[in-house]
Each structure stands twice: as C-alpha cells, then as structure tokens.
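What follows is a set of notes on a single structure, which appears directly below.
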C-alpha cells in the first residue's frame, strides 16, 4: 500500500498539451507511482470538465470546483480590500474546497501535501508538526501581475500594484512556512529566488523535463504543411508575454530577411490563446498563427527548424526539449538554452545577433538534416531530462528511495541553498 499524498492546484492538471499545465501533470503522474494521490483542483474553463474522468487513473480521490473569478470579480475585489488579502487568494478561497480537504486529510491520514501553486496554500495548516508541505513557486502569481502592470494604463495599474504588493507578501509568508519550496531556473524569478536565499527553509530548483515516449520521432505523423513550403515553427502559449515579445521581434526584425533569401519560407506560430498582438502578426507574408490543433508533434516532425528566441521564460525550455526529442533542428537564444543538459552544437544552435539568426535559419532551411547528430542529442535528452529524473530531488525529499543523478543534484544545490529539514 502506497502512502497518501494530497495534491492541490488552482487549475486542473490536464491536458499536458496546454503548456501552463504540463509541469503539474507530469509531477502528478510521477508522484502517483509512489503515492496514493488525492487531487483537489479548480476548473478554469468549461471545456476542462471533459478531462476530469481521465485524471482518475492517477488518483485515488478527486474533487473539482468551478473557478468563480468571472462571476464574482467585483465582489472578490471588495472582499480582498476589506480583508487585506490579494484578489487571487480571495477567488481561490471556497468553503467547499476547504471542507473536502479537511475531510480527506482525516480520512486518508494525510502527512504529505504537494501544492502546485501558492494560491492554494491557505487551505493547508502549516503549523501542523506532522504535515510535510511542498509548495511549487514555478508559476508565481505575482510575476503574472507584474507582467500585466508593464502593459496596462491607469487606473488599472493602481489596482494591480496593490495586488502585486499583497501577492508578494503572501508568497514570502508561505515560503517561510513550507517544509520545502520548489522553483525553476528562470531569470524571471530572480528577485523571488533572492528572497528564498534569505529564508531559513529548504528550497530546490528543479530542471524541466520531457516525455520522450510521447515525443517520439519514429512514429508516423501526417504533414500539416504544404509540400513546397520551408517551415519554421514556434510552439508555446501565445498569451504569455515573453513568448509574445519573442515572436513579435522575430516576425518584424528577422523573418523578412529570411524570406528575402528563401522565398518559400513560412513561419508557423503555434499555441493556445493567441492575444491580439500575436493575431495581427498573421498579416505579415508567410506568417501563420495556429491556435486550433490537437497535437504539436506533427508540426515539429515536419518542420525544417524550430526556434526559441525567448530570453527569460522557463516554458521556452520545455518547447526546446520537445523539439529536440522530436529530432527537429533548433535555433535558440542563449537564455533559452541555459540550465539544460545539452550543448549548443549542430544541429542545436545558440545565436545572438540578428545576422546570426538569419544566417543559421537560412542554413537549416536549405541544408539537409544531420540525422545522426539529432539522434545523439535526443539520446541525451532521454537520459537526462525525463520527468522521473528531473523530479528525483522532490521524490527523495518526500521519502522515496530513489537515486538522484549528480547533474540534477548539482543543478538544484547551486541555485538555491538547500535546508536540512527532511520529510521524516
């Protein structure tokens, strides 16, 4: 019989094709191999209800509630101001969820809790000495608000700055109480990582992973492109501002130069929820925005080259690993390749100047693939970046008898000082 673990998240951790849910899903999947999972989650979109039954294969118990943000937005802001809490905390504060959590903890005699987003942390009694709590700060709510502030005007900015201050206070308070704080290596979270170093609590930064069995280039995929096209692809969430900035720069500054040299070059921007600045990019010759698709693999399998010009985003590392796992040549920025167990060498290129980007992509579009080199890099990814490996420090902390690869432990240790408290 496996020990019990409570898994809490502010969004249903499925499907993994939605990049914002990918880490949550694979963490759930890996944890389910060692624990009996009780999953509590909110449903953010009506279409997500169709996935609830699928999650039962990894969970002993499940409990889902609809996200009430849109229906209660005005009242939530009023309540947040009255209580001195963040708006995000208020919309995630539902009595039915608290009642289920209290009941399932007692029923399953829970001693371990994994909190996939700090917005769910207020449901857990951190002062319980018998409870081991792990909080994942990879997707910081305060960082999302910070991005909105930079792109908003008054009076919206006034509300958002107040919200940012409250969220940052709540996040640091949570980190001060958790048994273990998890993060990623993204430069976006630099200020928060600096705060973690001041906190006398255990903390780990985990590398990203990839499902190499799913992203298998040896399978047959129907070509979604026209035969005569030379294809560049950018996969990623298209309402995520680092991605928006990256594709906007590429379409305006780089792609016209590429198309002047390769007339049949076509750039496919592929992802969910494209915001208006991304949608308008489809007006440029040879640029396509694809938001209705069920599987990214055919696009990667038949592309001549994938690009990752993102400088900061951790999700860029996910799309890099997926492209390499699909044996697709890759051109990326230095920041996108940082902290991955791969080398920037043919057919994986790290470029900085505009001319370097143009030259390398033109080369990829006009030269045959180096299949042997692609296969070699994929072998490295399979060995070093599968999810069981990248999550091994978390499993070890939770008491699972598992060997941690040296590079993963070194990665975790060098990023944030790791405390001495164990899960017991």
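The values are calculated or read from the model by the stated rules, or taken from the named source; none is laboratory data. None of these values were measured; they are calculated from a predicted model. Here Cβ is always computed from backbone atoms with ideal geometry, including for glycine, and neighbour counts include all displayed protein chains.
Structure data summary
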| quantity | calculated |
| --- | --- |
| Extreme residue, nearest to the chain's Cα centre (by Cα), among residues of segment 126-147 that are within 15 Å of residue 86 (Cα to Cα) and either assigned to a strand (DSSP E or B) or touching a residue at least 12 places away in the same chain (Cβ under 8 Å) (or both) | 140 |
| Index of the failed condition, residue 317 passing every other in (1) under 23 Å from residue 223 (Cα atoms); (2) buried (at least 16 other Cβ atoms within 10 Å of the Cβ); (3) in contact (Cβ under 8 Å) with a residue 24 or more places away in the chain | (1) |
| Lone qualifier among 423, 412 - being in contact with a strand residue (DSSP E or B) (Cβ under 6 Å, 6 or more places away or on another chain), surrounded by fewer than 17 Cβ atoms within 10 Å (Cβ to Cβ) and modelled with pLDDT under 70 | 423 |
| Flag if residue 30 is surrounded by fewer than 16 Cβ atoms within 10 Å (Cβ to Cβ) and not assigned by TED's automatic domain parsing to the domain that holds residue 271 | no |
| Residues that are part of a strand (DSSP E or B), in contact with a helix residue (DSSP H, G or I) (Cβ under 6 Å, 6 or more places away or on another chain) and more than 14 Å from residue 330 (Cα to Cα), drawn from segment 274-314 | 287, 289 |
| Top-ranked residue of segment 214-246 - restricted to ones that are in the same structural domain as residue 375 (by TED's automatic domain parsing), under 18 Å from residue 321 (Cβ atoms) and assigned to a loop (DSSP other than H, G, I, E, B), ranked as modelled with the highest pLDDT | 236 |
| Test: residue in segment 393-402 that is under 24 Å from residue 214 (Cα atoms), part of a loop (DSSP other than H, G, I, E, B), modelled with pLDDT of 85 or more and not assigned by TED's automatic domain parsing to the domain that holds residue 253 | no |
| Any chance residue 373 is modelled with pLDDT under 80 and surrounded by 24 or more Cβ atoms within 10 Å (Cβ to Cβ) | no |
| Candidates 292, 322 - the one that is at pLDDT below 95 and either outside the structural domain of residue 355 (by TED's automatic domain parsing) or surrounded by fewer than 20 Cβ atoms within 10 Å (Cβ to Cβ) (or both) | 292 |
| Single residue of segment 82-100 satisfying the filter (touching a residue at least 40 places away in the same chain (Cβ under 8 Å) and assigned to a helix (DSSP H, G or I)) that is nearest to residue 163 (Cα to Cα) | 87 |
| Residue satisfying all of: in segment 101-125; surrounded by fewer than 17 Cβ atoms within 10 Å (Cβ to Cβ) and not in a helix (DSSP H, G or I); nearest to the chain's Cα centre (by Cα) among these | 125 |
| Residue check, residue 151 surrounded by fewer than 16 Cβ atoms within 10 Å (Cβ to Cβ), modelled with pLDDT under 80 and part of a loop (DSSP other than H, G, I, E, B) | yes |
| Selection from segment 253-273 of residues that are touching a residue at least 24 places away in the same chain (Cβ under 8 Å) and out of contact with any helix residue (DSSP H, G or I) (no Cβ under 8 Å at 6 or more places or on another chain) | 255, 256, 259, 264, 266, 273 |
